[in-house]
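Here's the structure we're looking at; comments come further down.
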Amino acid sequence: MCIDCSCGFCDDSLTGCCEYNGQNDCMIDPGLPEQCAMMNNNFPAFAGYGYACGGVETSRTSLPNGCGCQPTPHSPCTYNRDWGTREDKCYICTASDLAEGESCETCKDCLSNCPNSDCISTSSTVEEFMLCLHSITDVCRASCHYSCMKN
């Protein structure tokens, strides 16, 4: 499986929230802090506090934090920042994706089944979606994590 430090979390310009630190681990990347901070509700299926590359928030993706490519469970984890395109690496839906209404319709459908989610169908801007996501329980949002992946 090939991934990169961003673990799918990127800002709207497709800049990863985390980057390789030169020691096969991840550190905070130049991605926009207001979009990469978990408490700002930019990632529909992921709620929490701190920065997206903190590790705890990314555990639902079942991808080892800071790992590049691990062909089998027994092979070492190595990292190559050149694997994949920026679009491939940014596979977690964002509030901006929900507002654009093109790539994350399954995410929107899943979230609309959560309690207190009536605002999903009436939101149209990034800010409205971020406010709406705040009203949906973390547990219900987390249950949509597979639906909220672009690839």
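The values are calculated or read from the model by the stated rules, or taken from the named source; none is laboratory data. Note that the structure is predicted; figures quoted are calculated from it, not measured. All Cβ positions, even for glycine, are placed from backbone atoms using ideal geometry, and neighbour counts span all protein chains on display.
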Worksheet item: Looking at the range 115-126, which of its residues are surrounded by fewer than 14 Cβ atoms within 10 Å (Cβ to Cβ) and either among the hydrophobic types (A, V, I, L, M, F, W, C) or in contact (Cβ under 8 Å) with a residue 12 or more places away in the chain (or both)?
Response: 115, 116, 124, 125
Response to the item:
Here the residues within the range 108-126 that are modelled with pLDDT under 95 and under 17 Å from the mean Cα position of the chain (by Cα) are 126
Worksheet item: Which of the residues that make up the range 128-151 are part of a helix (DSSP H, G or I) and among the polar types (S, T, N, Q)?
Response: 135, 143
Discussion item. Can you list residue pairs whose Cβ atoms sit under 6 Å apart, with the first residue in the range 3-26 being closer than 14 Å to residue 95 by Cα and assigned to a loop (DSSP other than H, G, I, E, B) and the second being among the small types (Gly, Ala, Ser) and modelled with pLDDT of 80 or more? Count only pairs 6 or more apart in sequence or on different chains.
Written reply: 12/96
Fill in: Residue match in the range 108-127 (condition: of a type in the set (Val, Ile, Thr), in a helix (DSSP H, G or I) and closer than 15 Å to residue 47 by Cα)
no
Discussion item. I'd like to verify a number: residues in the range 17-47 that are at pLDDT 80 or above and of a type outside the set (S, T, N, Q), how many?
Written reply: 11
Item to complete: Kindly establish whether residue 90 is surrounded by 12 or more Cβ atoms within 10 Å (Cβ to Cβ), under 20 Å from residue 17 (Cα atoms), modelled with pLDDT of 65 or more and of a type outside the set (Phe, Trp, Tyr).
Response: yes
